[in-house]
Every structure is written in structure tokens, then in C-alpha cells.
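**Student:** Handing you a structure now.
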Amino acid sequence: MHYGSSWSDMTETKAAYYQKTEVVETYDSARFQRNGGRVVAELESGFLSSLLLQTGVRPGRRALDCPCGTGRFIPLLLEKGFQVIAADISEPMLDKAREYGAGQYFCLDARKTGLPPATIDVWVMSRFLFHFEDIAPFFDEAARIIREQGYLIFDAYHWTPRSWVRRLQARWGGPVYIHGSKKIRAVAGRYGFELIRELPAFLLPPYVYAWMPYRLAGMIEWIAGRIPFVPKVKSYYLFRRNRA
Ligand SMILES: C[S@@+](CC[C@H](N)C(=O)[O-])C[C@H]1O[C@@H](n2cnc3c(N)ncnc32)[C@H](O)[C@@H]1O
């Protein structure tokens with residue numbers, strides 16, 4: 001294991017949860033491969049694609065996919081022409097991700113990656129920040145390893161029952177935290193990041209869709225996408241690192 005006693009208990013709890021064989025083995029199937037979960041997967045890839053498009057095109061650009069989890073976004077990043085560095089704190093997750101053929105794989109803590117400074121063009125940090133109450137250390141590290149005018153892409157919750165229903169927390173490895181747009185902008189701003197785009201996403205918490213038929217989930221999201229000002233569960237963000 002790569003995490004030490006200096007971490008808070010909750011951080012260790014989260015990391016330990018994603019080391020479990022049954023969690024790793026069912027991660028994709030429970031969330032993205034059954035019923036309306038497939039709608040979630042399609043929409044998430046769409047949000048990521050759309051934000052990546054805004055980061056421009058230059059051969060040999062380096063994308064850090066961290067945490068990569070099972071590696072489900074590696075094919076998309078490769079398809080967009082990135083050199084992909086995949087990283088996660090969980091070795092079992094990394095083992096799954098290896099089948100997607102990223103250029104490099106690292107087992108590391110996203111707060112202290114050990115990657116060289118100013119070497120990353122785009123850091124994709126999907127389904128991650130909401131696991132932590134204090135998100136500042138991740139922006140600190142992002143400001144160190146993302147080059148000037150490079151990008152950070154991530155998502156954060158506006159609301160979710162997982163932040164208050166204990167049974168859901170127990171099932172999915174501990175509490176999750178709400179970080180609204182205003183707070184996200186303030187924290188990111190302190191580390192020299194400027195908001196380029198925010199995409200509000202999902203009318204219902206994404207895990208709910210995995211219990212719904214595919215067509216129903218698709219219909220709900222299709223309608224929600226056409227009604228302006230409907231509050232969404234989370235947002236996907238594209239931030240650019242300003243010149244120092
Ligand atoms: C909800 S999964 C998200 C995986 C992937 N990004 C996705 O969207 O499917 C959270 C991941 O964060 C990893 N993780 C937890 N704490 C971490 C840390 N401090 N540094 C790096 N990865 C961490 C876990 O091992 C797990 O793979």
C-alpha cells in the first residue's frame with residue numbers, strides 16, 4: 001500500500017475501499033454497464049469529450065487520468081491523441097486499467113503525485129473530489145504539475161443523498177461531500193485556475209439510473225436537457241491554469 005499514517009482516517013477508508021476485489025470487479029458493471037447506467041456512461045463520455053475539445057489540439061499532449069479507476073476513460077483520451085499517464089492509489093484498479101494501454105501507469109496519491117512540475121497538459125480527475133472534505137491539496141498539486149495554460153477537468157456535486165444517507169455511505173465506501181460552483185471557483189482561483197466552462201449534469205443522482213430501464217433513463221435526461229434552469233446533481237468543470 002502507498003498510503004501512510006499521516007493521512008486522515010477517512011482518506012484511508014476511501015483508499016482501502018477501492019482496494020477490495022469485489023469493489024474493483026463490480027465497479028463498471030454496477031454503475032455503467034447495466035440498465036440506465038449505460039446512459040450515465042454515455043453522458044459522462046460526452047461531457048468529457050466536449051471539455052477536452054476546448055483544450056485545443058497539439059500532437060504529443062500529455063493527459064493525466066488520475067484517478068483512472070478501471071481505466072474507462074483511457075480509450076477516449078487515446079482517441080483524442082493524448083499521451084496518457086494513468087494513475088490511481090489502488091493497485092487492483094490499476095491492474096484493470098492496464099488492459100487499455102495507456103503510455104504509463106503509476107500507483108500514487110493524487111495529493112502528492114511525485115510527477116515532474118509543469119509537465120501535464122490536461123489532468124482529468126473524474127468522480128473524485130466529492131470524496132474529500134478538503135479539496136485544496138488537490139488544487140495545490142494540480143498547480144504544480146499542470147503547465148501554464150494547461151487544463152484541469154473534474155466533476156463535483158451540487159446535491160446527492162449520498163452526502164446525508166448513512167446506508168448509502170456504508171455501501172459505497174464512506175461519505176461524500178458537496179462542493180458548489182462558488183466554492184469550487186474560490187478554491188481553484190486561490191491556486192491560479194480560471195473557470196473556462198461549467199457543464200451542469202444529471203437530473204437524478206447517476207447511481208439511480210442503474211436501477212432504471214435504459215430508455216427511461218435516457219428519456220429523463222433528454223427532457224432535463226431541454227428545460228432551462230432545472231437544478232442538476234453535479235457539474236463538470238474545465239479550468240485553465242493561468243500564467244504565474
Ligand atoms: C469513484 S472512483 C473514480 C475512478 C474513475 N476516475 C472513474 O471516473 O470511474 C475513485 C478512485 O479514486 C481512487 N483514489 C482514492 N483516493 C485516492 C488518492 N488519494 N489518490 C489517487 N487515487 C485515489 C480510488 O482507488 C478509485 O479508483
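Throughout, read-outs are computed from the coordinates displayed, never taken from laboratory work. This structure is a prediction, so every number in the text was calculated from the model and none was measured. Backbone-built Cβ (ideal geometry, glycine too); neighbour counts: all protein chains shown.
**Student:** State to the nearest 20 debye the size of the charge dipole of the chain about its Cα centre, where the only charges are +1 on K and R beta carbons and -1 on D and E beta carbons. Numbers along the way, then the final one.
**Tutor:** On the way: 33 positive and 24 negative charges, 136 e Å.
It works out to roughly 660 debye.
**Student:** When only Cα pairs under 8 Å and 6 or more residues apart are kept, what is the percent relative contact order across the chain? Let's see the in-between values first.
**Tutor:** Numbers: 449 pairs, mean separation 52.4, N = 244.
RCO, the chain: 21 percent.
**Student:** Counting other beta carbons within 10 Å of each Cβ, put Glu12, Glu141 in order, fewest first. Please list the in-between numbers first.
**Tutor:** Numbers: Glu12 15, Glu141 20.
Ordered from fewest to most neighbouring Cβ atoms within 10 Å, Glu12, Glu141 come out as Glu12, Glu141.
**Student:** Mind counting lysine pairs for me in the chain? Cα separation below 23 Å, and the two need to be 8 or more apart along the chain or on different chains.
**Tutor:** Count of close lysine pairs: 13.
**Student:** Cα gyration tensor of the chain, axes a ≥ b ≥ c as square roots of the eigenvalues: rounded (a/c below 1.5), prolate (a/b > b/c) or oblate?
**Tutor:** Values: a/c = 1.32, a/b = 1.16, b/c = 1.14.
Since a/c stays below 1.5, the shape of the chain is classed as rounded.
**Student:** Neighbour counts of other C-beta atoms within 10 Å: give me Thr26, Thr11 arranged from fewest to most. Walk me through the numbers on the way to the answer.
**Tutor:** Values: Thr26 12, Thr11 20.
Ranking Thr26, Thr11 by Cβ neighbours within 10 Å, fewest first, gives Thr26, Thr11.
**Student:** Also, I was wondering about something else. Can you sort Thr70, Thr55 from fewest to most other Cβ atoms within 10 Å of each residue's own Cβ?
**Tutor:** Values: Thr70 23, Thr55 20.
By the 10 Å Cβ count, ascending: Thr55, Thr70.
**Student:** Of the listed peptides 126-134, 178-186, what is their order by residue-averaged count of other C-beta atoms within 10 Å, with the highest listed first?
**Tutor:** Most protected by this proxy first, the peptides run 126-134, 178-186.
**Student:** Please work out the C-alpha center-to-center distance from segment 187-244 to segment 63-117 and express it in whole Å.
**Tutor:** 23 Å
**Student:** For a quick protection proxy, order the peptides 150-163, 220-233 by their average other-Cβ count within 10 Å, most packed first. Numbers along the way, then the final one.
**Tutor:** Working: 150-163: 20.4, 220-233: 12.3.
Packing proxy ranking, top to bottom: 150-163, 220-233.
**Student:** For the chain, what is the mean residue ellipticity at 222 nm derived from helices alone (per DSSP H run of n ≥ 4: -39500 (n - 2.57); sum divided by total residues; nearest 500 deg cm²/dmol)?
**Tutor:** On the way: 10 runs with 93 residues, N = 244.
Value at 222 nm, helices only, nearest 500: -11000 deg cm²/dmol.
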